[in-house]
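*Asks:* Pasting a structure here, questions to come.
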Amino acid sequence: GAGGPIRAVDHATNGGGMAAGPEAWAMRPQPYLVAKVVGDAGWRERHAIPLQRPQLVSSLLRDRSGAYGSQHPLFRWSRVITADEIRQAIGAPAQALQSPLRLNALQRGASGRVLALQIAGSGESEPVVLRLDQIRRTLRRLPSTLFEIKPQGLDRWLIRGGGFGHGAGLSQAGAIDLAWRGLPPDRLFRHYSPVLVLGPLPPRVCLP
């Protein structure tokens with residue numbers, strides 16, 4: 001409620017766009033965990049929320065000029081993954097899927113992150129669908145869910161992405177960048193959580 005503590009979360013780097021809370025976890029929307037592009041005026045002008053269309057995600061991932069925290073080594077990344085790696089990561093539910101597999105981003109959130117990743121076989125077996133932060137926690141070679149999928153022949157894909165972590169709340173790399181730019185702590189935290197007010201907790205929520 002108003003005046004109470006927030007569920008403060010952070011991550012290494014958001015790749016230029018913050019995720020809303022429901023883009024990472026099954027939770028109700030919160031006014032302090034919203035989707036937002038994070039960078040200077042030029043960055044915000046080039047990459048406006050929502051970023052659900054694939055071409056908008058591609059444009060974001062090909063750019064880094066003016067984004068806060070872009071010095072982080074995983075601000076941009078690429079991985080080649082194979083069907084064997086996917087089967088090994090998913091385990092039993094994927095064993096019935098016949099090659100060649102198909103990888104499909106079924107749904108994206110406002111920040112461009114993949115909310116549902118479908119792994120389907122060429123037969124009639126039920127596809128496997130990974131959702132939200134389960135995607136990167138299952139396919140652990142993917143640092144985030146902000147990515148695009150480029151087929152590289154049968155059972156092989158190039159995954160081009162941005163960011164490291166769930167992407168919601170404060171970006172550690174972005175906060176360091178803003179601090180170097182001279183932003184004071186209260187404005188820095190409000191940059192990531194616009195409704196946040198720093199101050200002492202009311203007595204009813206203070207720990208003894």
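*Asks:* Under the 0.36 nm per residue contour assumption, what length would be gained going from the current alpha-carbon distance of Thr82 and Ala48 to full extension?
*Replies:* Full-extension gain reported as 9.0 nm.
*Asks:* Which value does Rg/Rh take for region 1-72 over its C-alpha atoms, Rh per Kirkwood? Could you put the intermediate results ahead of the total?
*Replies:* Working: Rg = 13.5 Å, Rh = 13.4 Å.
With Rg and the Kirkwood Rh in hand, the quotient comes to 1.00.
*Asks:* I've got another one for you. Apply the Karplus parameterisation 6.51 cos²θ - 1.76 cosθ + 1.60, with θ equal to phi minus 60°, to every residue of region 122-139 and state each ³J(HN,Hα) to the nearest whole Hz, in sequence, with x for glycine and proline.
*Replies:* For region 122-139, the Karplus curve yields 7, x, 9, 5, 4, x, 9, 10, 9, 10, 6, 5, 4, 4, 6, 6, 8, 8 Hz.
*Asks:* Whenever you get a sec, compute what percent of the accessible area on region 88-165 sits on carbon and sulfur atoms (1.4 Å probe).
*Replies:* 46 percent
*Asks:* Using the Kirkwood radius built from alpha carbon pairs, what does the Stokes-Einstein equation give as D for the chain at 25 °C and 0.890 mPa s, in µm² per second?
*Replies:* Numbers: Rh = 18.1 Å.
Estimated via Stokes-Einstein, D reaches 136 µm²/s.
*Asks:* Pairs of Cα atoms under 8 Å, at least six residues apart: use those to get the relative contact order of region 48-186, whole percent.
*Replies:* Values: 232 pairs, mean separation 41.0, N = 139.
Relative CO of region 48-186 lands at 30 percent.
*Asks:* What nm distance separates the two modelled labels at Arg137 and Ala26, each placed 7 Å from Cα along Cα→Cβ?
*Replies:* 1.1 nm
*Asks:* Ok, one more. Given 37 °C and 0.692 mPa s, how large is the Stokes-Einstein diffusion coefficient of region 43-85 in µm²/s, with Rh as the Kirkwood radius over Cα pairs?
*Replies:* Rounded to a whole number, D works out at 270 µm²/s.
*Asks:* Roughly speaking, what is the stretch gain from Asp186 to Leu74, that is 0.36 nm per residue apart minus the C-alpha to C-alpha distance, in nm to one decimal?
*Replies:* Separation in residues times 0.36 nm, less the Cα-Cα distance, equals 37.7 nm.
The values are calculated or read from the model by the stated rules, or taken from the named source; none is laboratory data. Everything numeric here is computed off the predicted structure, so don't read it as measured data. Glycine gets a Cβ as well: all are built from the backbone with ideal geometry, and neighbour counts include every protein chain shown. Surface accessibility is based on the protein's heavy atoms, side chains included, excluding ligands, DNA and RNA. Shrake-Rupley method; radii C 1.70, N 1.55, O 1.52, S 1.80 Å.
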